[in-house]
1. State whether the residues of the range 197-205 include one that is open to solvent by 50 Å² or more (accessible area, probe 1.4 Å), assigned to a helix (DSSP H, G or I) and of a type outside the set (A, V, I, L, M, F, W, C).
2. Residue 152 is checked against (1) surrounded by 14 or more Cβ atoms within 10 Å (Cβ to Cβ); (2) farther than 26 Å from residue 211 by Cα and fails just one. What number does that condition carry?
3. Among the residues of the range 107-136, what is the count of those that are over 22 Å from the mean Cα position of the chain (by Cα) and either surrounded by 15 or more Cβ atoms within 10 Å (Cβ to Cβ) or assigned to a helix (DSSP H, G or I) (or both)?
4. Return a yes/no flag: does the range 169-188 have any residue that is open to solvent by less than 100 Å² (accessible area, probe 1.4 Å) and free of Cβ contacts under 8 Å to residues at least 12 places away in the same chain.
5. When the residues of the range 151-206 are narrowed to those that are touching an Asp or Glu at 6+ places or on another chain (Cβ under 7 Å) and among the acidic types (Asp, Glu), which ends up modelled with the lowest pLDDT?
6. Is there any pair linking a residue in the range 96-112 that is more than 13 Å from residue 147 (Cβ to Cβ) to one that is acidic (Asp, Glu) and surrounded by 12 or more Cβ atoms within 10 Å (Cβ to Cβ), with Cβ under 8 Å and at least six apart or on different chains, and which?
7. Identify, by number, the condition in (1) closer than 29 Å to residue 173 by Cβ; (2) modelled with pLDDT of 90 or more; (3) open to solvent by 70 Å² or more (accessible area, probe 1.4 Å); (4) of a type outside the set (Gly, Ala, Ser) that residue 84 doesn't meet.
Amino acid sequence: QVEKPAVQVEKPAVASSREKSLEIQLKEEEAKNKKLISQIQDLEKKIQVETQAKLQWQELHKTLQSSMNTAVTTREKQQEISVETHLFQLLHDCIMGILGMGPTIPMEECSKLNVIMETEVGRRHFTKFVYQQSKKLPSFELGEDAFELLLYLISAALRSMDSSNSKDFRTAQLLLKISSKFHRKLEGDDFLKDYVRGYQMWHSLLFWQEYFLGNFQLEFFNMNFSS
């Protein structure tokens, strides 16, 4: 039996052409992808730059705002200091006028001192100044207008006091001494203390405890060092 020779089948040219076509498409897709990736990277860089610029602008805005706030605060503080300086000078002038050591200040001007009396520092300053200046007086008798004006200022201080604040206790103790000394002549001696009895500070048990304890300690000190 004679064997038939094997017949070799050649691949069609169509398959080779299709592979080349797919390869071309793949390269085109790769090129598109590279271009797209490049565009995305450019966009990311642009976004990053814009973000940094925005952050820098926000930081600059905060700095400017802070600077403006500081300037406003400084200006307000300067105005407050100016007002306080004026009021404390007015306080001194009013007291000196009341005590006959300077020109009399009208009641309308002295009534502006209510603002000072609303602060613990203002009340303390007022009381100490009156007490210190009173030591220079030959007499504690006041004229009618001076008596009324000093009563007005003492009442403003007592009205604003905190009966639970120990810082106000010392001020109230000095006011107690002052109101027990200053008087005016009516039918008899008319003392300031008779007009300031109803204020809350005099109803504070803490105030009287500190008042009597302070007096006791002072007497004890004087007894031990005078003997």
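The values are calculated or read from the model by the stated rules, or taken from the named source; none is laboratory data. All of these numbers come straight from a predicted model, not from anything done at the bench. With ideal geometry, Cβ positions are generated from the backbone for all residues, glycine too; neighbour counts draw on all protein chains shown. Side chains are part of the model used for accessible areas, which takes the heavy atoms of the whole protein and leaves out ligands, DNA and RNA. Shrake-Rupley method; radii C 1.70, N 1.55, O 1.52, S 1.80 Å.
1. Yes, some residue in the range 197-205 is open to solvent by 50 Å² or more (accessible area, probe 1.4 Å), assigned to a helix (DSSP H, G or I) and of a type outside the set (A, V, I, L, M, F, W, C).
2. It fails just one condition, (2).
3. If we filter the range 107-136 for residues that are over 22 Å from the mean Cα position of the chain (by Cα), which is where we start, we get 107-112, 126-136.
Still in the running and either surrounded by 15 or more Cβ atoms within 10 Å (Cβ to Cβ) or assigned to a helix (DSSP H, G or I) (or both): 107-112, 126-134.
Number of matching residues: 15.
4. Step one: filter the range 169-188 for residues open to solvent by less than 100 Å² (accessible area, probe 1.4 Å), giving 169, 171-184, 188.
With free of Cβ contacts under 8 Å to residues at least 12 places away in the same chain added as a condition, the list becomes 188.
Checking the range 169-188: at least one residue is open to solvent by less than 100 Å² (accessible area, probe 1.4 Å) and free of Cβ contacts under 8 Å to residues at least 12 places away in the same chain.
5. That would be 162.
6. Taking only residues 6 or more apart or on different chains, the pairs are 102/93; 103/93; 105/93.
7. For residue 84, the exception is condition (2).
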